[in-house]
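Working notes, beginning with the structure itself.
The values are calculated or read from the model by the stated rules, or taken from the named source; none is laboratory data. Since this is a predicted model, take the numbers as computed values, not measurements. Don't worry about glycine lacking a Cβ; one is built from the backbone with ideal geometry, like all the others, and counts go over all protein chains shown. Side chains are part of the model used for accessible areas, which takes the heavy atoms of the whole protein and leaves out ligands, DNA and RNA. Shrake-Rupley method; radii C 1.70, N 1.55, O 1.52, S 1.80 Å.
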Amino acid sequence: MVLELASWVLMAAGGLFTMIGALGLVRMPELFTRMHAASVIDTLGAGLMLLGMMLAAGLSLVSLKLLFILGLLVFTGPVVTHALARAALHENIKPLLAEDRRGASRAEDGRGASRAEDGRGASRAEDGRGASRAEDGRGASRAEDGRGVSRAEDDRGASRAEDGRRISR
Amino acid sequence: MFAAATIAILVSLVLAVIRAIKGPTVFDRALAGNAVGTLAILLLAVLGFLTDRPEFLDIGLTYGLLNLIGTLAVLKFFRRGDLAYDMEDQG
């Protein structure tokens, strides 16, 4: 009885997370956020649902096969996502940054060193604080060409590479 | 409860297929195809419970392996333009 209830709860939660992930797959704005949403299906959705089915099946060959399926999904999901991200970056599909959408409205943030600049370079010219930050030598002097490929001109390139949102080649 | 899970999986499948049709780049379609594969495995497992035929789990396992190979082959094709590229000009 308790096992049945736990199985029901796990399967309902799995179905909920599966639908959330699929909804994110439709609603998210670009490829990398869609990958983020699709990974919810692979991990939480499939994991909880298969766990619920394992509880419903009891200790038998069926639950062993379900465990194999779970292991397969756990190992192949990150492999496929990694290959997809590398192939997309190889085709010059860049992640859409928050600064790309909001422009100079994030300039009041005040943390210039830990923040990725706008790849277009236009909003930095018009926000008025980019020039003064470029003079104080804290690593904000970043010249970038129109396609967003960053040239490592400053000495803070390592910290910018750790940012993870800027792809430098 | 298996029927409810089946309905949830079918709704998710419809949403994933919508993304596969709409997707602007080929990578969106590959991502949606991978999600459809994962959901198909789940659907096979749930249907096995729903109809009391646990043989469907074997089909699900096979489908998972084929899904991995198929997605990686498609991605490799669209990255290299060829499935049998030279290993030395990798990069």
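A compact table of results
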{"item": "Computed [θ] at 222 nm, deg cm²/dmol, chain B (DSSP H ≥ 4; -39,500 (n - 2.57); rounded to nearest 500)", "result": "-27500 deg cm²/dmol"}
{"item": "Segment B:2-79 shape via C-alpha gyration tensor axes, a/c threshold 1.5", "result": "oblate"}
{"item": "Under the span-like rule (Cα at least 27 Å along the axis, Kyte-Doolittle mean at least 1.6), DSSP H helices of chain B", "result": "B:2-22, B:26-50"}
{"item": "Among B:Val74, B:Ala4, B:Leu42 the positive-end extreme of the charge dipole of segment B:2-79 (Cβ point charges)", "result": "B:Val74"}
{"item": "Carbon and sulfur %, accessible surface of segment B:2-79 computed with the full protein complex present, 1.4 Å", "result": "77"}
{"item": "Neighbourhood net charge (11 Å Cβ-Cβ; Lys/Arg +1, Asp/Glu -1) for B:Ala32", "result": "+3"}
{"item": "Sites A:Val74 and B:Ala73, calculated FRET efficiency, Cβ-Cβ separation with R0 22 Å, nearest 0.05", "result": "0.55"}
{"item": "Partner chain coverage, peptide A:40-46 - average Cβ within 10 angstrom", "result": "4"}
{"item": "Length gained when the stretch B:Ile59-B:Ala3 is fully extended (0.36 nm per residue, less Cα-Cα span)", "result": "18.2 nm"}
{"item": "Relative contact order, percent, chain B [alpha-carbon distance under 8 Å, six or more residues apart]", "result": "25"}
